[in-house]
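Working notes for the structure below.
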Amino acid sequence: MKNRIYNTGNVRSPKGLKAMQRLARAGRPMRSSEIGVPSFVMRRLLAAQLVENPARGIYALPSEALGDENDHWDQLATITKLRPNAVFVLDTAAAFHGMTQNMTGHVSVALPASNSPIKSETLNGLSIVTHRMRNNDALTVGVETYLIQGVEVNITSKARTLVDLVRYAGHGTVRGGHVLVDAETELDAFMRFYGTMTDVDRKELRKLSRQFGIKDLIADRLRLLDNSPLEAANYFV
C-alpha cells in the first residue's frame, strides 16, 4: 500500500491513523468495535473517502488501496462479517466456482430458519436474496470455507451447488416445489461441471445427490452425458 497522510477532518488525528493502520494490517472489513476508535473518527474518515462503509457498522479500506481486483467477491466477506453463519448458495456459488456466467445482480445467502432475512438497506442497497433453511444439512453438508479479505466465507462446493441448482430448478424433492433458478443456469452449470469433473467430483456428486433425494435424476443425467453430451443437453431442457 502506498504511503499516505490520513487527515480525519481539519487536523491529522492519531486516532484516524490508528484506524487506517488497523484496517491495513487486517486486510479485511472490520466492525467499528474491532477497530477501537470513536465513531466520529470513522465518520470523518468516511467523509474524506479514506475508508468505505460497505455495510452498517462495517468499515474497510478502499478496494484500490488494498490492490484487490476482485471486488465482487469482497461483498461475500462483508455479509459474513454481519452474519458469520451465512452460506452462499445457488447462482452465487455457481458464479464463484465458474459454473455459470449468468450474473443475476443479487447475492444468494442461506441462513438458519431462526435468523431474520438480510435487508438490502443494511448493505447500502446491495440486493440480497435470503433463503432460510430448516434442515441443518443445508447449512453444513457440502459447504467449503474460503478466505476472502481475511474473512472465512462459507460457500457450497461445486457438487453441492449443482445438486441445489437441480433441486431448485423444479426437478427435485423440495418441499413446496420452490423454483429458485432458471433452466438455463441449471443446464449451464451442469455442462460446465461435467466438462471439468474429476473422479472425486463425480463421487461427491453421487453422494450428495443421494443425501438430498435426487440420486436417480443425477445418475440418469451423468449416464446420458457419458454416452452423448449433445443428447443429454437436449434432454435436460
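None of the figures in this text is laboratory data; all of them are computed from the coordinates on show. Predicted model, so just to flag it, every value in this text is computed and none were measured. Neighbour counts are summed over all protein chains in view; Cβ atoms, including those assigned to glycine, are modelled from backbone coordinates with ideal geometry.
Using bins of 5 Å that start at zero, the share of Cα-Cα pairs per bin across the range 14-66 amounts to 4, 23, 41, 26, 6, 0, in whole %.
State which entries of LYS15/LYS119; LYS18/LYS81; LYS119/LYS203 exceed 27 angstrom in Cα-Cα distance in the structure shown.
LYS15/LYS119; LYS119/LYS203
Among GLU186, GLU52, the ranking by other beta carbons within 10 Å of each residue's beta carbon, starting with the fewest, stands as GLU52, GLU186. Put simply, the amide H of VAL143, placed in the peptide plane, has neighbours under 5 Å in SER157, leaving out anything fewer than 5 places away on its chain.
May I ask you to sort TYR59, TYR194, TYR146 by Cβ crowding, counting other Cβ atoms within 10 Å and putting the fewest first?
On the way: TYR59 22, TYR194 19, TYR146 14.
In increasing order of surrounding Cβ atoms, one gets TYR146, TYR194, TYR59.
Rounded to the nearest whole Hz, the Karplus-based 3J(HN,Hα) values (6.51 cos²θ - 1.76 cosθ + 1.60, θ = phi - 60°) of the range 148-165 follow the sequence 10, 6, x, 10, 7, 10, 8, 9, 5, 5, 4, 5, 5, 4, 5, 4, 5, 4, with x at glycine and proline.
Ordered by the count of other Cβ atoms within 10 Å of each Cβ, fewest first, ASP226, ASP201, ASP220 give ASP226, ASP220, ASP201.
The phi torsions of the range 194-206, fed into the Karplus equation with coefficients 6.51, -1.76 and 1.60 and a -60° offset, translate into couplings of 5, x, 10, 5, 9, 4, 5, 4, 4, 5, 5, 4, 5 Hz, rounded to whole numbers, with Gly and Pro shown as x.
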